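**Student:** After the structure tokens below, expect a handful of questions from me.
The values are calculated or read from the model by the stated rules, or taken from the named source; none is laboratory data. Source: prediction; values computed, not measured. Glycine gets a Cβ as well: all are built from the backbone with ideal geometry, and neighbour counts include every protein chain shown.
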Amino acid sequence: MRRLIARNERGFTLIELLITLGIGSLLAAGITMAIFQVVTIPSSSSAHMTAVKQVESAIHWIRNDTWKAQKIECNEDSDSGFPLTLTWVEWEGDAAVHKVTYSIEDGNLVRTHSVDDGEQKAIVAQHIEDYGEMTRVRETSSGLELMITATVPGFRIASETRVVEIKPRTSA
């Protein structure tokens, strides 16, 4: 029974084993890279979309209040121009005085809306960079120039910056 295996068929040679291990390693590396891409690309894309949405939300709120504003005040002592204060009088009804202040607190853009004696505070955007090189507001001859940056942390950091010029409403 021992003699059934011929001399030339004792097993694999060293070269055959090395080739098999090499091919197996290449396949394993390819599969690992594919799995890595499947896991990281959606999270990176999601973080970028979050940054875009936060920037768009900030622009929406500031633009909406600037259109109503009769008085615009940027903080000239700050590199960022924040807090930004917008004031207007609502002439319908009881002529209520509205004062909206935008400030950046712990990476959040906070909108404080005061009407006469009442005050409401809300976070309108998150992950906002709070230094003047990335987020700032400036008064211009035609209104406001707003540059705002949102940076979302995660596996891959995602950042979005927009610069917009916001013009207040024209007086009738």
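**Student:** Can you find a residue in the range 100-110 that is of a type outside the set (Ser, Thr, Tyr) and over 24 Å from the mean Cα position of the chain (by Cα)? Break it down stepwise before answering.
**Tutor:** Filtering the range 100-110 down to residues of a type outside the set (Ser, Thr, Tyr) leaves 100, 104-110.
Now restrict to residues that are over 24 Å from the mean Cα position of the chain (by Cα): none.
Looking for residues that are of a type outside the set (Ser, Thr, Tyr) and over 24 Å from the mean Cα position of the chain (by Cα), one finds none in the range 100-110, hence no.
**Student:** Taking the range 113-134, which residues are farther than 22 Å from residue 53 by Cβ and surrounded by 15 or more Cβ atoms within 10 Å (Cβ to Cβ)?
**Tutor:** Scanning the range 113-134 gives 114, 132.
**Student:** Could we say that residue 125 is touching a residue at least 12 places away in the same chain (Cβ under 8 Å), hydrophobic (A, V, I, L, M, F, W, C) and more than 24 Å from residue 167 (Cβ to Cβ) here?
**Tutor:** Numbers: touching a residue at least 12 places away in the same chain (Cβ under 8 Å): yes; hydrophobic (A, V, I, L, M, F, W, C): yes; more than 24 Å from residue 167 (Cβ to Cβ): no.
So residue 125 fails the test.
**Student:** Spot the failing condition for residue 10; the list is (1) under 22 Å from residue 160 (Cα atoms); (2) at pLDDT below 90; (3) not hydroxyl-bearing (Ser, Thr, Tyr), and only one is missed.
**Tutor:** Condition (1) is where residue 10 drops out.
Here is a yes/no grid of residues against (1) assigned to a helix (DSSP H, G or I); (2) within 22 Å of residue 141 (Cβ to Cβ); (3) of a type in the set (A, V, I, L, M); (4) out of contact with any Gly (no Cβ under 7 Å at 6 or more places or on another chain):
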site	(1), (2), (3), (4)
62	yes, yes, yes, yes
65	yes, yes, no, yes
77	no, yes, no, yes
87	no, yes, no, yes
94	no, no, no, yes
101	no, no, no, yes
